[in-house]
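Following: one structure in structure tokens, then a few remarks.
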Amino acid sequence: MESQNIVKLASNALNNKKAKQLKALKIDDLTTLADYFVIATATSSTHVRALADEVEEKLEEQGVKVHHIEGRSTGWIILDYTSVIVHIFTPDQREFYNLDNMWSEATEIDLSTILNEAEGD
């Protein structure tokens, strides 16, 4: 599946489970790590796990398997889909690691169009 479709599916899964401060960054011009980051904030560590489970489930339904997962028992879970890396934080962890600032040169994707597209699917 193409990176853009993974971003769309992950973003909608996060949005539907009430993720906060949802953001997608196009990073392929800045690094070889991935093409995109999807970043979200959860309201608690339980919510972090629920969001990660939802993303994993929705992508798996479409035949996309996670390559690697880090942080299952922490306030920051990373779901690595090779071309797309999903970061789910508690508020404190998001503020501490500050990926938004670290990747400030990345192109932010307008999620309103991605989320609206999915509602019409």
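Can you compute 3J(HN,Hα) from phi for each residue in the stretch 88-96, using the Karplus curve 6.51 cos²θ - 1.76 cosθ + 1.60 with θ = phi - 60°, rounded to whole Hz and x for Gly and Pro?
Those phi angles translate into 10, 10, 6, x, 4, 5, 5, 5, 5 Hz.
By the gyration tensor of its Cα atoms, with a ≥ b ≥ c the square roots of the eigenvalues, what is the shape of the stretch 57-116: rounded for a/c under 1.5, prolate for a/b over b/c, or oblate? Before the final figure, lay out each step's value.
Numbers: a/c = 1.87, a/b = 1.13, b/c = 1.65.
It comes out oblate by the Cα gyration axes.
Any idea which of Ser3, Asn101, Ser73 is furthest toward the positive side of the dipole for the chain, if Lys and Arg beta-carbons carry +1 and Asp and Glu beta-carbons -1?
With unit charges placed on the Cβ atoms, the residue in question is Ser73.
Mind checking which of Thr90, Gln62, Leu14 is farthest towards the positive end of the chain's charge dipole, using Cβ charges of +1 (Lys, Arg) and -1 (Asp, Glu) about the Cα centre?
So the residue we want is Thr90.
When averaged across all projection directions, what area in nm² does the alpha-carbon convex hull of the stretch 10-121 cover? Working shown, then result.
Details: hull surface 26.4 nm².
Projected area, direction-averaged: 6.6 nm².
Could you give the dipole magnitude of the chain about its Cα centre, charging the beta-carbon of Lys and Arg +1 and that of Asp and Glu -1, in debye to the nearest 20?
400 debye
Provide the per residue accessible area, probe 1.4 Å, for the chain, rounded to a whole number of square angstrom.
Using a 1.4 Å probe on heavy atoms only, each residue of the chain averages 55 Å².
How large a share of the accessible area of the stretch 1-110, in percent, is made up of carbon and sulfur atoms when the probe is 1.4 Å and the other protein chains stay in place?
Its accessible area is 45 percent carbon and sulfur atoms.
What number, rounded to the nearest 500 deg cm²/dmol, is the helix-based mean residue ellipticity at 222 nm of the chain, given -39500 (n - 2.57) per DSSP H run of at least four residues and division by all its residues?
The helix-only estimate for the chain comes to -13000 deg cm²/dmol at 222 nm.
When ranked by the protection proxy of mean other Cβ atoms within 10 Å per residue, highest first, what sequence do the peptides 21-29, 64-72 form?
Going from most to least packed, we get 21-29, 64-72.
Calculate one ³J(HN,Hα) per residue across the stretch 3-14 by plugging θ = phi - 60° into the Karplus curve 6.51 cos²θ - 1.76 cosθ + 1.60, and present them in order as whole Hz with x for glycine and proline.
Working through the residues one at a time gives 3, 4, 6, 5, 4, 4, 5, 5, 4, 5, 4, 5 Hz.
The values are calculated or read from the model by the stated rules, or taken from the named source; none is laboratory data. Because the structure is a prediction, the values reported are computed rather than measured. Note that we place each Cβ from the backbone using ideal geometry, even for glycine, and neighbour counts take in every protein chain shown. Please note that ligands, DNA and RNA were not included when accessible areas were found on the heavy atoms of the full protein model with its side chains. Shrake-Rupley method; radii C 1.70, N 1.55, O 1.52, S 1.80 Å.
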